[in-house]
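S.K.: One structure coming up, written as structure tokens, with questions to follow.
The values are calculated or read from the model by the stated rules, or taken from the named source; none is laboratory data. Please read all numbers here as calculations on a predicted model, not as lab measurements. Quick reminder, even Gly has a Cβ in these numbers, built from the backbone with ideal geometry, and neighbours come from all protein chains shown.
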Amino acid sequence: MSYPHDPHSHARPNEIAVQHLDLDVTVDFDARRLTGRATYTLDRSTPGATTVVLDTWDLDIRSVTAADGTALEHGVGEPHPLLGRPLTIVAGSEDTVVVDYATGEGARALQWLDPAQTTGERFLFTQSQPILARSWIPCQDTPAVRHTYRATVRVPPELLAVMSAENSTERTADGVYSFAMPQPVPSYLVALAVGDLEFRPLGERAGVYAEPAVVDAAAWEFADTERMMEAAERLYGPYRWGRYDLLVLPPSFPYGGMENPRLTFVTPTLLAGDRSLVTVVAHELAHSWSGNLVTNATWDDIWLNEGFTVYFETRIDEELYGADYTAMLLRLGRQALETEIATLPARDTWLSLALADRDPEGGPDLVAYEKGSLFLRMIEHAVGRERLDAFLADYFDRFAFQSMDTATFLALLRAEVLEPAGVGESDVQIEAWVYGPGVPTNAPDFPSDAFDRVDRQAAALVAGTAAADLDTAGWAPQQWVHLLRALPADVPHPILADLDRTFGFSGQRNIEVLTAWLELAIGSEYVWSADEADAAVAGFLARHGRSLYLRRVYTKLAATPRGLERAREIFASAAAGYHPVARAGVARILDAA
Ligand code: BES
Ligand code: ZN
């Protein structure tokens, strides 16, 4: 097997690749440090190769030995500002090497939380995607290398440890937990969380872990998980990972969700109380095929993970909640894509990205997600759903546990989908989609009666109808988001005041609706004349940690001098509670302003 060049890793898997990892780590909350031993089983891609190179980021490498304890010659290279330091080990003909190490203060994958930042106890979680695994485990930190793993994790006995692996749902008396991941996974999917966690089953194969204060609400919110699994399997073949559990993180978790295999991590903001945000679960579940089974070869190919997953997610939504509901999500996705494209340099709007010499961690851009899924919707329209589905089911099976790059995928698409369907290259504009900017002209539209009704109410509102007289009976949260996004930035402040008074947007529990409201209130400068809106902005930025939403609200603030000043003031007090990823993302926005 040959591995692609990955500009975000020092590893040289074409010489020696890690095949299996045995991890033994102790979690020290007081020192905020993991201390451990990693034992690697090696696979020589080149017969006779003698050196193995691992990625590290601020790790203290204490010893490197062979299985029998003999010291092995090794060196830690100069730190690269994006990639960290390579650990080069002269393994000779050894099949096993052992590294003793400890994490450093700059362990960017780890967030250590005090009880004040949770609903109860101390908490630790990892976030390894895209290139942060190297800050808590020395590893070949490229999505192209896969390995199985086992782990022993030692934690304070009052806490439970869980990993992206076979878990026990029970506390142990001594705080020692064992895990096994028998399927090969890339390093970015190795994950650990430690906290005061309880478990509730959601069905035969699914369950949820959360802190005691939220676990019952979580079990209610995610009740459809097992049905989602069944729908996903009907679409694209068997779920290959055994169990599918969810872990609800404290509010500073920087993503909506993270598809750690067997154990998706999710933000607590999904607990809207009305199951309206569970499409994020459909998304992370879909990654069990697109991403975790067939994995982007490098981060330049991330649309093969995220775009496919958004497509798959909305197909699951359609199975469970119907085509009208799904059309609303597709419309919101398209709109967010257009907004984002307007802010990006053209090269960053291609599906095939060029991230060499850049930090792939900037946070997920919507291009890979929404343009990627729109591309598959376009193909679906061109060749028919049945043909595309048959191809995708076969693709996930044939390339399971392998990586995929853009060129290989396009060759498959041409030979196995387009040609048999008699669809010409120019009909679908493949090159323009993948190697060109923006959204090509043949993107499909998604008509939505539900949104047409909202548009009529938005027009009535702007024309002077009182908020209380609008016809909003039975609206879904997505319709409220659409209303707020449909209003012009110069909408008169009395209209916004009437809206907030009537519908209570500043006190919204649904984070999608709240964020759309805050963006409107800031963009229209209404926020400066209304205390509740201003308090809602400050409260939101202090309480929430999901990077995408923080970035959206800070970006709006940073657009005017007054907003920028307020943003800096809020950031100064809130930043300490943000996850390092979110903090860096916001700092970039404020620095650029
Ligand atoms: N895998 C991503 C999160 C991610 C991407 C982390 C790139 C680091 C680098 C996850 O599946 C995801 O896409 N999360 C989204 C939610 C989704 C419903 C769009 C998020 O966090 O917003
Ligand atoms: Zn995703």
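S.K.: Being surrounded by 17 or more Cβ atoms within 10 Å (Cβ to Cβ) and not charged (D, E, K, R) is the filter here, so list the residues in region 531-547 that pass it.
M.R.: Matches in region 531-547: Ala533, Ala536, Val537, Phe540, Leu541, His544, Gly545, Ser547.
S.K.: Among the residues of region 319-344, which ones are modelled with pLDDT under 95 and not hydrophobic (A, V, I, L, M, F, W, C)?
M.R.: Listed by number, the residues that qualify are Thr339, Glu340, Thr343.
S.K.: Return the residues of region 172-190 that are touching a strand residue (DSSP E or B) at 6+ places or on another chain (Cβ under 8 Å) and either among the aliphatic types (A, V, I, L, M) or part of a helix (DSSP H, G or I) (or both); say none if nothing qualifies.
M.R.: Val176, Ala180, Met181, Val185, Ser187, Val190
S.K.: I would also like to ask the following. Do you know which residues across region 541-578 are farther than 14 Å from Pro254 by Cα and within 16 Å of ligand 1 (Cβ to nearest atom)?
M.R.: Those that are farther than 14 Å from Pro254 by Cα and within 16 Å of ligand 1 (Cβ to nearest atom): Val553, Tyr554, Thr555.
Conditions tested, residue by residue: (1) among the aliphatic types (A, V, I, L, M); (2) more than 12 Å from ligand 2 (Cβ to nearest atom); (3) more than 21 Å from Arg546 (Cβ to Cβ).
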| site | (1), (2), (3) |
| --- | --- |
| Thr269 | no, yes, no |
| Arg275 | no, yes, no |
| His283 | no, no, no |
| Ser288 | no, no, yes |
| Val294 | yes, yes, yes |
| Asp300 | no, yes, yes |
| Asn305 | no, no, no |
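S.K.: If you don't mind, another one. Of the residues in region 354-383, how many are touching a Leu at 6+ places or on another chain (Cβ under 9 Å), more than 9 Å from ligand 1 (Cβ to nearest atom) and among the small types (Gly, Ala, Ser)?
M.R.: The qualifying residues number 3.
S.K.: Condition first: part of a helix (DSSP H, G or I) and not hydrophobic (A, V, I, L, M, F, W, C). Now tell me which residues in region 348-380 satisfy that.
M.R.: Listed by number, the residues that qualify are Asp348, Thr349, Tyr369, Glu370, Lys371, Gly372, Ser373, Arg377, Glu380.
S.K.: Hey, another quick one. Consider only pairs whose beta carbons are under 7 Å apart and that are at least six residues apart or on different chains; among these, list those whose first residue lies in region 271-298 and is outside any loop (DSSP other than H, G, I, E, B) and modelled with pLDDT of 95 or more and whose second residue is of a type in the set (Gly, Ala, Ser) and surrounded by fewer than 20 Cβ atoms within 10 Å (Cβ to Cβ).
M.R.: Taking only residues 6 or more apart or on different chains, the pairs are Val294/Ala400.
S.K.: State whether the residues of region 223-246 include one that is in a loop (DSSP other than H, G, I, E, B), within 14 Å of ligand 1 (Cβ to nearest atom) and of a type outside the set (S, T, N, Q).
M.R.: No, there is no match, as no residue in region 223-246 is in a loop (DSSP other than H, G, I, E, B), within 14 Å of ligand 1 (Cβ to nearest atom) and of a type outside the set (S, T, N, Q).
S.K.: When you go through (1) more than 16 Å from ligand 2 (Cβ to nearest atom); (2) touching a Gly at 6+ places or on another chain (Cβ under 8 Å); (3) in a loop (DSSP other than H, G, I, E, B) one by one for Ala213, which number turns out not to apply?
M.R.: Of everything listed in (1) more than 16 Å from ligand 2 (Cβ to nearest atom); (2) touching a Gly at 6+ places or on another chain (Cβ under 8 Å); (3) in a loop (DSSP other than H, G, I, E, B), Ala213 misses just condition (3).
S.K.: Turning to a different aspect of this structure: Go through region 53-81 and give me each residue that's crowded, with 16+ Cβ neighbours inside 10 Å and within 25 Å of Arg358 (Cα to Cα).
M.R.: Val53, Leu54, Asp55, Thr56, Trp57, Asp58, Leu59, Val76
S.K.: Scan region 480-509 and report the pairs whose first residue is touching a residue at least 12 places away in the same chain (Cβ under 8 Å) and whose second residue is buried (at least 16 other Cβ atoms within 10 Å of the Cβ) and β-branched (Val, Ile, Thr), with Cβ atoms within less than 6 Å and a gap of 6+ or a chain change.
M.R.: Correct list of pairs: Trp480/Val513; Val481/Val513; His482/Val454; Leu483/Val454.
S.K.: Right, next: Any residue that is over 19 Å from Leu235 (Cα atoms), within 12 Å of ligand 1 (Cβ to nearest atom) and in contact (Cβ under 8 Å) with a residue 40 or more places away in the chain - is there at least one of those in region 312-328?
M.R.: no
S.K.: Do you know which of the residues in region 408-441 that are within 28 Å of Gln335 (Cα to Cα) and surrounded by fewer than 12 Cβ atoms within 10 Å (Cβ to Cβ) is nearest to the chain's Cα centre (by Cα)?
M.R.: Thr441
S.K.: Taking the condition surrounded by 24 or more Cβ atoms within 10 Å (Cβ to Cβ) and within 16 Å of ligand 1 (Cβ to nearest atom), does Gln140 pass?
M.R.: No, not satisfied.
S.K.: Go through region 1-44 and count every residue that is outside any loop (DSSP other than H, G, I, E, B) and among the polar types (S, T, N, Q).
M.R.: Count: 5.
S.K.: Mind counting the residues in region 96-114 that are within 13 Å of Tyr40 (Cβ to Cβ) and in contact with a Phe, Trp or Tyr (Cβ under 9 Å, 6 or more places away or on another chain)?
M.R.: 4
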